[in-house]
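**Student:** So that we are looking at the same thing, I have put the structure below in structure tokens.
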Amino acid sequence: MSVLIVIPARYASSRYPGKPLATLTGATGETKSLIQRSWEAARQVTGVDRVVVATDDERIRSAAEGFGAEVVMTSESCGNGTERCAEALNTLGGGYDIIVNLQGDAPLTPHWFVEALVKGLRTDPQSEVATPVLRCEGRALTGFLEDRAAGRVGGTTAVFGAGGRALYFSKEVIPYTGQSYADDAPTPVFHHVGVYAYRPAALADYTGWDMGPLEALEGLEQLRFLERGRPVLCVEVEARGRQFWELNNPEDVPRIQAMMAEMGMA
């Protein structure tokens, strides 16, 4: 099966305008843009035929081409990354069996997260969409709860049932647990990692659906599949000692840089 990775990136983010061009300094002191670090993460994934950045902004295009990325220009009307991936696939003329949406705000995504998604679709022919979930340790759960207490939107959590079929995704911390956990202790909360793998038919269907009320409330694009009764496969992945966090707000920059320093990521 041929695999295409699309990195959707838009400049006009409501929470963090210009986010793809925000810079992150690694453990060695080298500073790179968020979009470059996301592209480099995508390039580490094995078994991929092509990696492209999909954007509607010339500033992002110029920056991406400057570090060697292939860029596909998409329209400003794309409402989210899934819609941008669908348009990018059409622009490229299709021809791929699996399309991966590696969102441009997740530079800490390990390559094995994406490889697990592709494997999930290859081994489960009934699934048309797959996304990774990571069991939170106490430290990550504390970060989620602190963000919500401060009125910030941090990471997204996921709950799923038998066979890994998603039940719901939320920017609230679900399921509720009133317990306290040590920093390295496993918890019953799963962090949804903002990466998706789709079959082409799922992308085509998605763009023909109107946004549902849950997607509108949460601002989570994957809820459109659930609201239409389409199953989403949650693939549990392992951190293997890696920390993970998306860059959602300006306050996340020092948090991610601290994680990079701790993990020795250049």
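The values are calculated or read from the model by the stated rules, or taken from the named source; none is laboratory data. The model shown is predicted, which means the values in this text are computed figures rather than measured ones. Cβ atoms come from the backbone with ideal geometry, glycine included; neighbour counts cover every protein chain shown. For accessibility, only protein heavy atoms count, side chains too; no ligands or nucleic acids. Shrake-Rupley method; radii C 1.70, N 1.55, O 1.52, S 1.80 Å.
**Student:** Would it be correct to say that residue 114 is open to solvent by less than 40 Å² (accessible area, probe 1.4 Å), in a helix (DSSP H, G or I) and modelled with pLDDT of 95 or more?
**Tutor:** yes
**Student:** So, one more: With the condition kept exactly as written, say whether any residue in region 21-38 is charged (D, E, K, R) and in contact with an Asp or Glu (Cβ under 7 Å, 6 or more places away or on another chain).
**Tutor:** So the first thing to find is which residues in region 21-38 are charged (D, E, K, R), and the list is 30, 32, 37.
Filter once more, keeping what is in contact with an Asp or Glu (Cβ under 7 Å, 6 or more places away or on another chain): none.
No: region 21-38 contains no residue that is charged (D, E, K, R) and in contact with an Asp or Glu (Cβ under 7 Å, 6 or more places away or on another chain).
**Student:** Restricting to region 75-110, give me the number of residues that are of a type in the set (Val, Ile, Thr) and more than 19 Å from the chain's Cα centre (by Cα).
**Tutor:** Qualifying residue count for the region: 1.
**Student:** Scan 199, 240 and give me the residue that is under 23 Å from residue 113 (Cα atoms) and modelled with pLDDT of 95 or more.
**Tutor:** Going through 199, 240 in turn, just one is under 23 Å from residue 113 (Cα atoms) and modelled with pLDDT of 95 or more: 199.
**Student:** Given the residues 135, 152, 122, which is the only one that is surrounded by fewer than 22 Cβ atoms within 10 Å (Cβ to Cβ), assigned to a strand (DSSP E or B), touching a residue at least 60 places away in the same chain (Cβ under 8 Å) and not aromatic (Phe, Trp, Tyr)?
**Tutor:** 135
**Student:** Return yes when residue 41 is on the phi < 0 side of the Ramachandran plot, open to solvent by less than 70 Å² (accessible area, probe 1.4 Å) and not in a loop (DSSP other than H, G, I, E, B) and no when it is not.
**Tutor:** yes
**Student:** Now a separate question. Would you be able to say whether some residue in region 185-195 is on the phi > 0 side of the Ramachandran plot and loosely packed, with under 15 Cβ neighbours inside 10 Å?
**Tutor:** Scanning region 185-195 turns up no residue that is on the phi > 0 side of the Ramachandran plot and loosely packed, with under 15 Cβ neighbours inside 10 Å.
**Student:** Let me ask you something else. Scan region 173-186 and give yes if some residue there is among the aliphatic types (A, V, I, L, M) and assigned to a helix (DSSP H, G or I), otherwise no.
**Tutor:** Scanning region 173-186, I find no residue that is among the aliphatic types (A, V, I, L, M) and assigned to a helix (DSSP H, G or I), so the answer is no.
**Student:** Run residue 254 past the list (1) loosely packed, with under 13 Cβ neighbours inside 10 Å; (2) part of a loop (DSSP other than H, G, I, E, B); (3) not small (Gly, Ala, Ser) and report the number of the one that doesn't hold.
**Tutor:** (2)
**Student:** From 49, 97, grab the single residue that is touching a Pro at 6+ places or on another chain (Cβ under 8 Å), under 26 Å from residue 120 (Cβ atoms) and open to solvent by 20 Å² or more (accessible area, probe 1.4 Å).
**Tutor:** Matching residue, one of 49, 97: 97.
**Student:** Right, next: Checking the conditions here, which among 215, 172, 221 is open to solvent by 50 Å² or more (accessible area, probe 1.4 Å), in contact with a helix residue (DSSP H, G or I) (Cβ under 8 Å, 6 or more places away or on another chain) and not hydrophobic (A, V, I, L, M, F, W, C)?
**Tutor:** The match here is 172.
**Student:** Any idea how many residues of region 161-179 are among the polar types (S, T, N, Q) and free of Cβ contacts under 8 Å to residues at least 12 places away in the same chain?
**Tutor:** Qualifying residue count for the region: 1.
**Student:** Given (1) open to solvent by 20 Å² or more (accessible area, probe 1.4 Å); (2) in contact with an Asp or Glu (Cβ under 9 Å, 6 or more places away or on another chain); (3) farther than 25 Å from residue 116 by Cβ, where does residue 2 come up short, assuming only one miss?
**Tutor:** (3)
**Student:** Among the residues of region 207-246 satisfying the criterion of being more than 17 Å from the chain's Cα centre (by Cα) and outside any loop (DSSP other than H, G, I, E, B), which is nearest to residue 127 (Cα to Cα)?
**Tutor:** Among residues in region 207-246 that are more than 17 Å from the chain's Cα centre (by Cα) and outside any loop (DSSP other than H, G, I, E, B), the one nearest to residue 127 (Cα to Cα) is 226.
**Student:** Hey, can you tell me all the residues within region 1-41 that are over 23 Å from residue 258 (Cβ atoms), touching a residue at least 24 places away in the same chain (Cβ under 8 Å) and not charged (D, E, K, R)? Reasoning before the result, please.
**Tutor:** Residues of region 1-41 over 23 Å from residue 258 (Cβ atoms): 1-12, 14, 17.
Applying the additional criterion that residues be touching a residue at least 24 places away in the same chain (Cβ under 8 Å) yields 1-12.
Scanning region 1-41 gives 1, 2, 3, 4, 5, 6, 7, 8, 9, 11, 12.
**Student:** For residue 88, state whether it is among the small types (Gly, Ala, Ser), closer than 19 Å to residue 235 by Cα and surrounded by 15 or more Cβ atoms within 10 Å (Cβ to Cβ). Full working, then the answer.
**Tutor:** Numbers: among the small types (Gly, Ala, Ser): yes; closer than 19 Å to residue 235 by Cα: no; surrounded by 15 or more Cβ atoms within 10 Å (Cβ to Cβ): yes.
Judged against the criteria, residue 88 is not a match.
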